[in-house]
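What follows is calculated from the coordinates using simple rules that are stated; it is not laboratory data. What you see is a predicted model, and the numbers here were worked out from it, not measured in a lab. Using ideal geometry, Cβ is built from the backbone for each residue, glycine included, and neighbour counts are taken over all protein chains shown.
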Amino acid sequence: MSTAALIVMDMLNPYDHRDADLLAESVGRIVEPLAGLIGRAHGSEDVALVFVNDNHGDFTATRDDIAALALKGRRPELVEPVLPPDDAPFLAKVRHSGFYGTSLEYLLNQRGVETVILAGQVTEQCVLYSALDAYVRHFSIRVPRDCVAHIHPDLGEAALRMMERNMGAQIVGSDRCLSG
């Protein structure tokens, strides 16, 4: 049983979409701290590590397919350091929230999770919407500021403020997010 879960959002990205260059610039700054956080969570008995990723419209895509697409994309150096370990749950999603249409809530409840730690991309989109869905499901929320990437800096900051103010999220550094 884990009381916290690190949920890594949408890091398997081929960067072939509108705004990809803006996003990739921000992702470049979070890859190293996020890879470190993933490693610490993976090695912890107290933290569940879960990956949730867009299926990019391919409803037959497996974890391996989604990873291969991202690694063949325009920015494989942003993908390789944060690939999910084989033993980490991987849930494909089709919309912004990691909860929408996935078994994430069930998985978290089965593991006794009380706090979700949201990391990945995009702060003002998928991270924000997942935080709202976590909040309405009565999970506590932490967001490591140095492990979320934005497309638009002002909207990313606004999203972090909304999560903190409206959802009671703790906005912390990656060095503090695994401790209570």
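Some observations on this one:
- Candidate membrane-span-like segments in the chain, meaning DSSP H helices with Cα atoms spread over at least 27 Å of their own axis and a Kyte-Doolittle mean of -0.5 or above, are 20-42, with no membrane implied.
- For region 2-41: rounded, prolate or oblate by the Cα gyration tensor [a/c cutoff 1.5]: prolate
- Length-normalised contact order for the chain - Cα pairs under 8 Å, 6+ apart - percent: 29
- Interchain or long-range residues, amide H under 5 Å from residue 120's placed H: 9, 148, 149
- Stretch in the chain that is longest and holds no trypsin sites (Lys or Arg not before Pro) that DSSP places in a loop and that have at most 12 other beta carbons within 10 Å: 96-175
- Three-way shape call for region 138-180 based on the alpha-carbon gyration tensor, with the a/c threshold at 1.5: oblate
- With at most 14 neighbouring Cβ atoms within 10 Å, loop GluC sites (Glu not before Pro) (DSSP) excluded, longest segment of the chain: 46-113
- The chain: C-alpha gyration tensor shape, a/c 1.5 cut-off, then a/b vs b/c: rounded
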